[in-house]
Each structure stands twice: as structure tokens, then as C-alpha cells.
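Participant: The structure under discussion is supplied below as C-alpha cells; questions concerning it will follow.
The values are calculated or read from the model by the stated rules, or taken from the named source; none is laboratory data. Note that the coordinates shown come from a computational prediction; the quantities given were computed from them, not determined experimentally. Cβ placement follows ideal geometry from the backbone for every residue including glycine, while neighbour counts extend to all protein chains displayed.
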Amino acid sequence: MDTHRYNQRVAEHQTETRVPELKTGLPIEKQCMLVYSQTLFYEVRKEIQKGLLLCFITKQDEVDGVKVYSVTHLDKRSDVVNEYTIYKSRCNPGELYYGSLEAKCAPQICV
């Protein structure tokens, strides 16, 4: 039990006294650094880096004022795992819709 407490104190000390290097430059990475312990932050950062390398926009269009993005997700061997279609309305720029445009985006009146 004493060893566990000691390890916990060492981990807390490292989290409180060391500032991890930010590698991606993304705001989400900085937010994770502030919120998570250092150990958990390193795990989350790995996922962020994988997302940068393996997930990207393959196509971008605009249909009736709605931006349509095709996003491809690859695995480590560069094989396609998933392809997503994401819709972003000009009326609600903060909202993203996944799947079918007809099912998710009702006609909207923009002022």
C-alpha cells in the first residue's frame, strides 16, 4: 500500500510541476493538457495525433447553401476503415449533421 501511495504522489508531483510539450498546435491539445493528468494527457495526445494522420477530408462541396464534407478514416496500414459524410448548414454554422442530408437538415429560413 505504501508503494502505491508513493507512486501516486510522484505522479501528482510530475503533473503539477512539469508542463508537457504541445506537439500538434491544436486548441484541443492545450485544453486536454489543462484538464487531464499528465499520464492521461499523453494517451489522449496519441489519439489526437492519430486523428491528424489517419482521418482527413477527402471531398468538399456545397449543395443549396449546405457545406458537404466527405471524411475518410484509415487504419495503420492505410486501409479505409470508415467514410463519413458531414453536413454544415450556413444557417447554423455551429451545428454539424451526420448521415443523410434529407433526414437531418430540415428546410430552414435564414435571415
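Participant: Within segment 8-38, track down each residue that is in a loop (DSSP other than H, G, I, E, B) and over 14 Å from I48 (Cβ atoms).
Facilitator: R18, V19, S37
Participant: Separate question: Pairs needed: first member in segment 39-65, over 26 Å from A11 (Cβ atoms) and at pLDDT 90 or above; second member anywhere, acidic (D, E) and surrounded by 14 or more Cβ atoms within 10 Å (Cβ to Cβ); C-beta distance under 7 Å; at least 6 residues apart or different chains.
Facilitator: From residues that are over 26 Å from A11 (Cβ atoms) and at pLDDT 90 or above, there are no pairs.
Participant: May I pose another question? Tally up the residues in segment 66-80 that are exposed (fewer than 13 other Cβ atoms within 10 Å of the Cβ) and either over 23 Å from E29 (Cβ atoms) or modelled with pLDDT of 90 or more (or both), please.
Facilitator: So the count comes out to 4.
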